[in-house]
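This report refers to the structure that appears directly beneath it.
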Amino acid sequence: MKNIPARTFRDLIVWQKAHQFVLAVYRYTARFPKEEVYSLTSQFRRAAVSTPANIAEGFKKKTRSDKARFMNIAQGSLEECRYYLILAEDLGYGANGPPMSQLEEVSKLLEGYSRAIIQNNY
């Protein structure tokens with residue numbers, strides 16, 4: 001089977017999975033206490049949205065170094081989300097199992113995609 005190059009960022013599995021993670025974060029944070037709406041909820045959602053947004057922005061960059069930089073920013077946002085998942089569970093806002101599993105999947109895919117960009121395979 002021949003690999004067909006992605007025409008848009010929406011064709012990327014890593015972007016698709018990152019987008020699904022954002023949707024999961026919105027559902028998860030909707031159950032947070034109302035006093036968190038302008039703090040943890042807002043910060044968590046912002047970091048989650050940043051992940052697929054940076055994948056999308058990096059997709060159209062022309063140089064490998066530019067593409068890799070945006071993937072690295074996406075990785076940083078994902079790690080920020082990892083902390084928020086830990087914090088939310090520790091604060092008793094709900095078990096973080098399902099979104100944490102999605103985060104792990106996105107992290108692995110993003111690492112592979114970044115490696116492919118750096119090795120000039122993408």
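Going by the structure shown, is Glu79 more than 28 Å from Asn120 (Cα to Cα) and assigned to a helix (DSSP H, G or I)? The answer is no for Glu79.
The residue pairs whose first member lies in segment 83-95 and is at positive phi and surrounded by 15 or more Cβ atoms within 10 Å (Cβ to Cβ), whose second member is assigned to a loop (DSSP other than H, G, I, E, B) and not hydrophobic (A, V, I, L, M, F, W, C), and whose beta carbons are closer than 8 Å, counting only pairs six or more residues apart or on different chains, are Gly94/Arg31. Within segment 96-118, if we keep just the residues that are among the polar types (S, T, N, Q) and surrounded by 13 or more Cβ atoms within 10 Å (Cβ to Cβ), the residue that is farthest from Thr63 (Cα to Cα) turns out to be Asn96. Among the residues of segment 27-69, count how many are buried (at least 16 other Cβ atoms within 10 Å of the Cβ) and under 12 Å from the mean Cα position of the chain (by Cα). Going through segment 27-69 one residue at a time, the tally reaches 12. If only residues of segment 1-26 that are at pLDDT below 95 and aliphatic (A, V, I, L, M) are counted, the one that is surrounded by the fewest Cβ atoms within 10 Å (Cβ to Cβ) is Met1. Considering Ala56, Ala116, the condition of being closer than 18 Å to Leu12 by Cα, in a helix (DSSP H, G or I) and touching a helix residue (DSSP H, G or I) at 6+ places or on another chain (Cβ under 7 Å) is satisfied by Ala56 alone.
The values are calculated or read from the model by the stated rules, or taken from the named source; none is laboratory data. Small disclaimer: the values here were computed from a predicted structure and weren't measured. Positions of Cβ are backbone-derived with ideal geometry, glycine not excepted, and every protein chain shown enters the neighbour counts.
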